[in-house]
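Note sheet for the following structure.
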Amino acid sequence: MFEIFGIPSTALFGQLLIGLINGSFYALLSLGLAVIFGMLNIINFSHGAQYMMGAFTAYLILKYSGLGYWPALIIAPIIVGFTGIIVERLFLQRLYKLDHLYGLLLTFGLALIFEGVARNYFGSAGLPYTVPESLRGGQNLGFMFLPNYRAWVIAASLVICIGTWFVIERTRLGAYLRAATENPTLVRAFGINVPRMITLTYGFGVSLAAFAGVMAAPIYNVSPQMGSELIIVVFAVVVIGGMGSILGAIVTGFGLGVVEGLTKVFFPEASNTVVFVIMAIVLLVRPAGLFGRRA
Amino acid sequence: MRKALGLAAFAAVLACGAANAQQVNVKIGVLSDMSSLYADIGGPGSVAAAKMAIADFTKDNPNVKVEMIAGDHQNKPDIGSQIANQWYDVDKVDMIIDVPNSGVALAVSQVANQKNKVFIVSGAAASDLTGPKCNANTIHWTYDTWMLANGTGTAIVKTGGDTWFFLTSDYAFGHALERDTIAAVEKAGGKVLGKVRHPLNTNDFSSFLLQAQSSKAKVIGLANAGGDTINSIKQAAEFGIVKGGQSLAGLLVFASDVAALGLPTAQGLILTETWYWDMNDTNRAWTKRWQQERQGKWPTMIHAGVYAGVLHYLKAAVALKGNVSDGKTVVAQMKSMPTDDPLFGKGTIRADGRKIHPAYLLEVKKPEESKHPGDFYRVRATIPTEEAFRPLKEGNCPLVSG
Amino acid sequence: MEHVADPLVKKPSVLRSQSETIGFVIMTAALVVAPFVTYPLFLMQAMCFALFACAFNLLIGYVGLLSFGHALYFGWASYLSAYSAKAWGFPPELAILTGTATAALCGLVAGSLAIRRQGIYFAMITLALAQMMYFFALQAKFTGGEDGIQAVPRGVLFGLINLKNEMSMYAVVLVIFLGGFMFIYRIIHSPFGEVLKAIRENEARAISLGYKTDRYKLVAFVLSATLAGVAGATKAIVLQLASLTDVNWPMSGEVVLMTLVGGLGTIFGPVVGAFAILVMQFKLAPIGEWVLVIQGAIFVSCVLLFRRGVIGEIANKLHIRL
């Protein structure tokens, strides 16, 4: 055990690791937001609520069918992603011709509905969801005790994030998606079903949020307001990273999680606000965001 | 002549009968946390307890009519004070009871004082309610932070836990509990190595627990309640804190928390309460009745306090012949009458509004020791009434002279 | 091009001031009579929120900027007003001024940061800044954190009017509300206001005409923040409480809802919207959590079907300006 700037190494590395875990959730959620914004030019305010729905779906799946964590990890995102598709078809499609702010307001309203319904049926205290058997316990790393489950969270998020980035930036499907963002009419002229791509993209973004929700359930408890507490920080992350940038979302997400962890060690009172302060600075220096394209 | 006497006698009987059947009408409001982290320790269970008290009292006193309404303060002082204002002003409520959440209780206490109505606190803990913030319209039943600190805190220091680290809920209750416990710990010869504050209704305690771990304190004092305590204890287990040699001091733990945690996780916890359902036959019988409204749940001392508080209020209302519009008079009446109810036995309410009764130092049983559902505690000691609560002169309550 | 006014709205006819004047008279008359019929405390609260919504509407309805973090100014004005009245013993008029000045300062700083971007980015930045100030309020000692600042004294206005008297307090709030309302009206119907509307319609064209649009937007932003501050500071004195609810993002969302329901870009819309939403919350309080769902549903239906809001629809049907 040694000291860095007067802080014991245990505390420092421990908080860094926790920061990395938080960063995993930031990255996953801002990735979903970036994908949706890139494709639809809509700020999906209900992203936090859909993250919460993922957690609740996992909870309900366990309660009513006995299926545990691993099946839920696949099933819940599919179910919630499906509701996302319905939302897109029913509501969002009508707003594409209007000012983008309407999309923000609509998804904000949807977020209120989802959270309100959840609160009604489940109360606003957290519901328990146990860590899956196979991931219980932890490793004593010497400088801290790392629960296995939290290590899994970091690993899984990295895999999903890198995988998504790869698909969008390096595959033909991703190329179609990026092209459709820039010039939907032209892409349509090539015979590609752009509206369907948009719908599926929204569904995918939503299922990313739900996936994060299932992963969060065992550590953060399942509560109706879990999404709204997180979503605004995620918005700040997206603004810092650059609104449409996939890579920006991933790097900034993990990065800011670590920064937050460090702040908790050296300057705990500021740990809640550090992300927003960084956002203010980035906006002054580089208004398009760290990885953004246009100013 | 005989006719006149007969008529006079008849009139006299009528007059006596009318005096006995003095109609007493009161309206009571149960204000609690109905949906959030304190919903199990207070919430709908308090409403059930109040209903039982009303039913029991009106059975023996048919001339008393009690109307009851309930509300959810959602742990927000502005919502709590809004509801209190409206209840006292518009809905003609005479007495508000319960309010778990010290911040809300402090706000409602102000409103009761302004509108000159009655406020009986059962759920909230901050000892300031009978200290610097006391007033002539508020009565504090059940428990407070001083009692918890001197019960649990002192006991743990005496068993060797002399270095402490505090994990505190960042509002009035947490601050009061932390302050009172630090005083008790230091008085008993212990030392405080550090403290950290967390927001109310936090889900993730990992970074706070990490700080507690690195402080190397022997005892981690949990100055929080309800859902926060449950999460702290669960996550402490996840991070191997107890395995690492530190022990957890649940400064405020209720039977409902132990039920949620389960005995394997909660065993060994030391706590102080003023009422336990399984301590005697009267409590057990009462609990059975209560559980008819709240299946699958266990009553806490807060619920018992609501029951006893409503009973005592109604007794005072009858003594005042139904003139309950002046809150200060009613509270003065409640202070002048000794209390006597099936759950807390005989007791008194002091000049500062503090209801005093014995406290019990309890330990959570190991799973093997538990013989039936709800068999949570072993009674380690009884703290007599004179020692259980802060001495009257030390409170700095403006109502107490000298 | 960034503006939220629905392009389908028919431009109203020339009878401009008449309908608005009639509306103003009706509104004032109603508010004078109301405290004798309804709970005055509720009405005072409603007026504070109505002023808040009107201030918000100045930005969205007439400049086309959606500020999604307006609770910042409302809440911090509330805190400073409460604190100065309680801890520094300020009389109510100074307390309200202190709160308002705080809001103006916050508006200046936040505005200069946010104006750099437009449309959705602007909205997101205002939201994030508001959230930052929420956490600051949570931590700062003087705000009382979760407990808020309680037992704020009503005080004696100008050394003459004892505000503990409900009716006196009501009269003061009514004057503040009507004053703020008329001030906004003057801003809208002034040359400055015309430039704002031009910026809303087509900022590029306004720039090409030589207007320094950033400066105009900033001034409008600060005005909007200041008026929101007046509302918040007054509310703290009326309810004698300042709490985290006032700076939190649901409060920002609520003022958007009030304005949307009432009618963006109409002068009476926010007032009607504020009263409507508060009445709904009041009546539905017994069924607690459904309020959130219903508010969300109203949001969704307004965005999809009733973009003009209540007053906007009425104004459109009658071809008048409201």
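The values are calculated or read from the model by the stated rules, or taken from the named source; none is laboratory data. Remember, predicted model here, so these are calculated numbers, not experimental data. FYI the Cβ positions are ideal-geometry reconstructions off the backbone, even for glycines, and counts take in every protein chain you see. Ligands, DNA and RNA are excluded from the accessible area calculation, which covers all protein heavy atoms including side chains. Shrake-Rupley method; radii C 1.70, N 1.55, O 1.52, S 1.80 Å.
Across region A:148-161, a minimum of one residue is classified as of a type in the set (D, E, K, R), touching a helix residue (DSSP H, G or I) at 6+ places or on another chain (Cβ under 7 Å) and surrounded by 19 or more Cβ atoms within 10 Å (Cβ to Cβ).
Only one residue in C:230, C:271, C:255 is crowded, with 21+ Cβ neighbours inside 10 Å, in contact with a His (Cβ under 6 Å, 6 or more places away or on another chain) and closer than 14 Å to residue C:53 by Cβ. Which one? Exactly one of C:230, C:271, C:255 is crowded, with 21+ Cβ neighbours inside 10 Å, in contact with a His (Cβ under 6 Å, 6 or more places away or on another chain) and closer than 14 Å to residue C:53 by Cβ, namely C:255. Among the numbered conditions (1) closer than 23 Å to residue C:187 by Cβ; (2) open to solvent by 20 Å² or more (accessible area, probe 1.4 Å), the only one that residue C:276 does not meet is (1).
Restricting attention to region B:136-166 and to residues that are in a strand (DSSP E or B) and in contact with an Asp or Glu (Cβ under 9 Å, 6 or more places away or on another chain), the residue that is nearest to residue B:399 (Cα to Cα) turns out to be B:140.
Take residue B:121 and tell me if it is at pLDDT 90 or above, under 19 Å from the mean Cα position of the chain (by Cα) and buried (at least 24 other Cβ atoms within 10 Å of the Cβ). Judged against the criteria, residue B:121 is a match. Could you go through region B:60-79 and let me know if any residue there is touching a His at 6+ places or on another chain (Cβ under 9 Å), surrounded by fewer than 22 Cβ atoms within 10 Å (Cβ to Cβ) and within 14 Å of chain C (Cβ to nearest Cβ). There is at least one residue in region B:60-79 that is touching a His at 6+ places or on another chain (Cβ under 9 Å), surrounded by fewer than 22 Cβ atoms within 10 Å (Cβ to Cβ) and within 14 Å of chain C (Cβ to nearest Cβ). Only a single item in (1) among the small types (Gly, Ala, Ser); (2) more than 22 Å from residue B:343 (Cα to Cα); (3) not in a loop (DSSP other than H, G, I, E, B) is not met by residue B:50, and it is number (2). Just need a number here: residues in region A:234-266 that are open to solvent by 10 Å² or more (accessible area, probe 1.4 Å), within 11 Å of another protein chain (Cβ to nearest Cβ), more than 19 Å from residue A:286 (Cα to Cα) and in contact (Cβ under 8 Å) with a residue 24 or more places away in the chain. The number of residues fulfilling the criteria is 3.
Checking each residue in region C:145-179 for being touching a residue at least 60 places away in the same chain (Cβ under 8 Å) and assigned to a strand (DSSP E or B) picks out C:149, C:156, C:157. Of all residues in region A:144-167, those being over 18 Å from residue A:252 (Cα atoms) and either of a type in the set (Val, Ile, Thr) or part of a helix (DSSP H, G or I) (or both) number 6. Considered as a group, the residues in region A:86-106 that are aliphatic (A, V, I, L, M) and surrounded by fewer than 17 Cβ atoms within 10 Å (Cβ to Cβ) include one that is farthest from the other protein chains (Cβ to nearest Cβ), and that residue is A:86. Would you say residue A:31 is more than 14 Å from chain C (Cβ to nearest Cβ), among the hydrophobic types (A, V, I, L, M, F, W, C) and either more than 28 Å from residue A:252 (Cβ to Cβ) or touching a Leu at 6+ places or on another chain (Cβ under 9 Å) (or both)? Spelling it out, residue A:31 is indeed more than 14 Å from chain C (Cβ to nearest Cβ), among the hydrophobic types (A, V, I, L, M, F, W, C) and either more than 28 Å from residue A:252 (Cβ to Cβ) or touching a Leu at 6+ places or on another chain (Cβ under 9 Å) (or both).
Within region B:227-279, track down each residue that is open to solvent by 30 Å² or more (accessible area, probe 1.4 Å) and either among the hydroxyl-bearing types (Ser, Thr, Tyr) or closer than 14 Å to residue B:374 by Cβ (or both). Of everything in region B:227-279, those that are open to solvent by 30 Å² or more (accessible area, probe 1.4 Å) and either among the hydroxyl-bearing types (Ser, Thr, Tyr) or closer than 14 Å to residue B:374 by Cβ (or both) turn out to be B:247, B:259, B:260, B:265, B:279.
If you go through region B:89-100 and pick out every residue that is open to solvent by 10 Å² or more (accessible area, probe 1.4 Å) and either assigned to a helix (DSSP H, G or I) or within 26 Å of residue B:256 (Cβ to Cβ) (or both), you end up with 1. State whether one or more residues within region A:54-66 are open to solvent by 10 Å² or more (accessible area, probe 1.4 Å), without any contact (Cβ under 8 Å) to a residue 12 or more places away in the chain and not in a helix (DSSP H, G or I). Yes, because at least one residue in region A:54-66 is open to solvent by 10 Å² or more (accessible area, probe 1.4 Å), without any contact (Cβ under 8 Å) to a residue 12 or more places away in the chain and not in a helix (DSSP H, G or I). Of all residues in region C:115-133, those satisfying the criterion of being more than 7 Å from every other protein chain (Cβ to nearest Cβ) and part of a loop (DSSP other than H, G, I, E, B) are C:115, C:118.
The residue of region B:137-164 that is nearest to the other protein chains (Cβ to nearest Cβ), among those that are among the hydrophobic types (A, V, I, L, M, F, W, C) and open to solvent by 10 Å² or more (accessible area, probe 1.4 Å), is B:146. If you check residue B:207 against the conditions, is it of a type in the set (Gly, Ala, Ser), in a helix (DSSP H, G or I) and away from chain A (no Cβ under 11 Å)? Taking the combined requirement at face value, the residue does not satisfy it.
Filtering region B:167-199 to residues that are in contact with a Phe, Trp or Tyr (Cβ under 9 Å, 6 or more places away or on another chain), surrounded by fewer than 23 Cβ atoms within 10 Å (Cβ to Cβ) and part of a loop (DSSP other than H, G, I, E, B) leaves only B:199. Only one of the numbered conditions (1) surrounded by fewer than 15 Cβ atoms within 10 Å (Cβ to Cβ); (2) within 25 Å of residue C:301 (Cα to Cα); (3) not basic (Lys, Arg) is not met by residue A:142, and that is (2). Any residue at all in region C:299-308 that's surrounded by fewer than 24 Cβ atoms within 10 Å (Cβ to Cβ), facing another protein chain (nearest Cβ under 10 Å), among the basic types (Lys, Arg) and over 18 Å from the mean Cα position of the chain (by Cα)? Yes: region C:299-308 contains one or more residues that are surrounded by fewer than 24 Cβ atoms within 10 Å (Cβ to Cβ), facing another protein chain (nearest Cβ under 10 Å), among the basic types (Lys, Arg) and over 18 Å from the mean Cα position of the chain (by Cα).
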